[in-house]
Structures are given as structure tokens and as C-alpha cells.
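Q: This structure is in C-alpha cells; I'll ask about it shortly.
The values are calculated or read from the model by the stated rules, or taken from the named source; none is laboratory data. Here the structure is a predicted model, which means the values were calculated and not measured. Cβ: placed from backbone, ideal geometry, glycine included. Neighbour counts: every protein chain shown. Surface areas here come from the heavy atoms of the whole protein model, side chains and all, with no ligands, DNA or RNA. Shrake-Rupley method; radii C 1.70, N 1.55, O 1.52, S 1.80 Å.
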Amino acid sequence: MKTIDLSHTIKDGMPVFPGTEAPQIEDVFTHDTHGFWEHRLTLFSHIGTHIDAPAHMIKGAGTLDNMSIDSFIGPAICVDCTHKDVTDPHITIDDLIPYESELSESDFVILNTGWYRNWGNQKYFTHYPALTEAAAQWLVEFKLKGVGVDVISIDSAESGSYEVHKTLLEQGTIAIENLTDLHLIPTEGFLFSCLPLKFDNADGSPVRAIAICT
């Protein structure tokens, strides 16, 4: 069994969604002064590699703390979308149909666009590959637990109405954003886990996303 980390490190100065404040990590207690080390973390709920709960976009919908723990782990497939680029950024139904059989037996689909390689550069925030609304509607028919992406948002940078978010979250399908190192995972035959922090009214949460390959 091999476990692969698919998560970005939370740290000062890390990339964040435009308009969101960067996390602050402060030494509050130190070995030299107090005999032990402890930090204060100040961060938004959608920082780094994270989950979007239905409540993130839909008023009155479910929060992560009220979802079954089973919602965050299960068999997954990884769809190769690395052929998508700024000239053709749309991930369509045609891109997903070759994986239809595998999707029917999976809880999660991970879309590997390779865009995570732009993490830390301004390019990361614009013209990244993203699902079309029609492709999102097609995916929810599979009753997936979640859809994971290696970009800043599951909606395109040009979207102002968050239709892909809403299409997924209205069906209880969580979105996992800012995954990394997706080149390390196989197309199928692995478990995906994205356990969130359990805090009250969690509209989203940073996660330590991993793939467990057998």
C-alpha cells in the first residue's frame, strides 16, 4: 500500500483566492520562554487544499460537521485533463465519457489538469481548465461524493455565477479544490480521502487530501 499526499502546505504568503486574506501563523508559546511550542492559526475556511460544503453556496444546505464521515473517503478515479490549456480550457462531457464505466463504480472523480504546477505564480488564478456546467450536470448523475480539482476553483475564472459549484453542491456532491501532485496517482484503483476539520457550521475546511494506492 502506498499513500500519496495531494495537499498544499498552509503557510504565510501562500496563494489564496483573490479577495481572501492570507493565513497568519504566529508563535504564541516557545520552547525557550515557556518550555513548549504552540502556534496561533488565523485562516479562512477555504484556504489551501480544501472542501466546499453545500452550505458554501446554498443557503440552508448542509455543513461539513453534519455530514457523515463516510462522505470524505471512498474509491476514486483520476481523469487526465492535461491536454487542456488556455486555448481550450473547457472540460466537457466528451472529455469524461471515456471514463463512464469507472465513474459508475467510484465515489470521487479527480480531474488532473496539471495546473497545480502553476501554484505560486499569478498564472494559477486565470484561464485554468474548468468543468462546463453541462459536464457538471452529467457528473451528478453518477451520485458521486465529490469532485476534486487542482485549480483555485471548480468554476472557471470567468464565472460570476458559480454555476458548476451550485450544480454539484445542490446534489450534495462536495468540491475539493487546490489539490496537488496529481501526476503521482494512477487512473483508478485507489482510495481518496479528504477529511475536514470538524468545527461548527463548517461551510468549508482545509483538508489533508491523500490517495491510498493498493
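Q: Within 10 Å, count the other beta carbons around each residue, average over each peptide in 26-33, 171-178, 205-212, and list them highest first.
A: Values: 26-33: 9.6, 171-178: 22.8, 205-212: 20.8.
Ranked by mean Cβ neighbours within 10 Å, highest first: 171-178, 205-212, 26-33.
Q: Run the reach check for K11 against lysines, Cα to Cα strictly under 24 Å, same-chain hits fewer than 8 apart removed. What comes back?
A: K123, K198
Q: Using only the heavy atoms of the protein chains and a 1.4 Å probe, how would Y124, Y99 rank by accessible area, largest first?
A: Ranking Y124, Y99 by accessible area, largest first, yields Y99, Y124.
Q: Sort K59, K166 by heavy-atom solvent-accessible area, probe 1.4 angstrom, most to least.
A: Listed by decreasing accessible area, they come as K59, K166.
Q: Here's a follow-up. So what is the diffusion coefficient of the range 101-214 in µm² per second by Stokes-Einstein at 20 °C and 1.002 mPa s, using a Kirkwood Rh over Cα pairs?
A: 145 µm²/s
Q: Ranked from the most accessible area to the least, with a 1.4 Å probe and all protein chains present, what is the order of K2, K198? Provide the component values of the computation, followed by the final result.
A: Details: K2 130, K198 175 Å².
So the residues, ranked largest to smallest area, are K198, K2.
Q: Right, next: Based on the mean of other beta carbon atoms within 10 Å per residue, what is the order of 150-157, 125-132, most packed first?
A: The packing order, highest mean first, is 150-157, 125-132.
Q: Treating each Cα of the range 62-123 as an identical point scatterer and ignoring solvent, apply the Debye formula and state log10 I(q)/I(0) at q = 0.12, 0.21, 0.25, 0.27 Å⁻¹.
A: -0.44, -0.93, -1.02, -1.08
Q: Ok, one more. Near E163, within a Cβ-to-Cβ distance under 15 Å, what is the net charge of the other residues, with Lys and Arg +1 and Asp and Glu -1?
A: Taking every other residue near E163 into account, the sum is -4.
Q: May I ask for log10 I(q)/I(0) of the range 1-104 at q = 0.11, 0.17, 0.23 Å⁻¹, from a Debye sum over the Cα atoms as equal point scatterers with solvent left out?
A: Rounded to two decimals, the profile gives -0.63, -1.23, -1.26.
Q: Taking a quarter of the surface of the Cα convex hull of the chain, what do you get in nm²? Before the final figure, lay out each step's value.
A: Values: hull surface 51.5 nm².
If I average the Cα hull's projected area over directions, I get 12.9 nm².
Q: So, one more: If contacts are Cα pairs under 8 angstrom and at least 6 residues apart, what is the relative contact order of the chain in percent?
A: RCO, the chain: 32 percent.
Q: Expected output is a single nm value to one decimal: the length gained when fully extending between S159 and D85, i.e. 0.36 nm times separation in residues minus the C-alpha distance. What is it?
A: Details: separation 74, 0.36 × 74 = 26.64 nm, distance 1.69 nm.
That works out to 25.0 nm of additional length.
Q: On to the next question. Work out the FRET efficiency for K123 and H31 from their Cβ-Cβ distance, taking R0 = 35 Å, and round it to the nearest 0.05.
A: Calculated value: 0.30.
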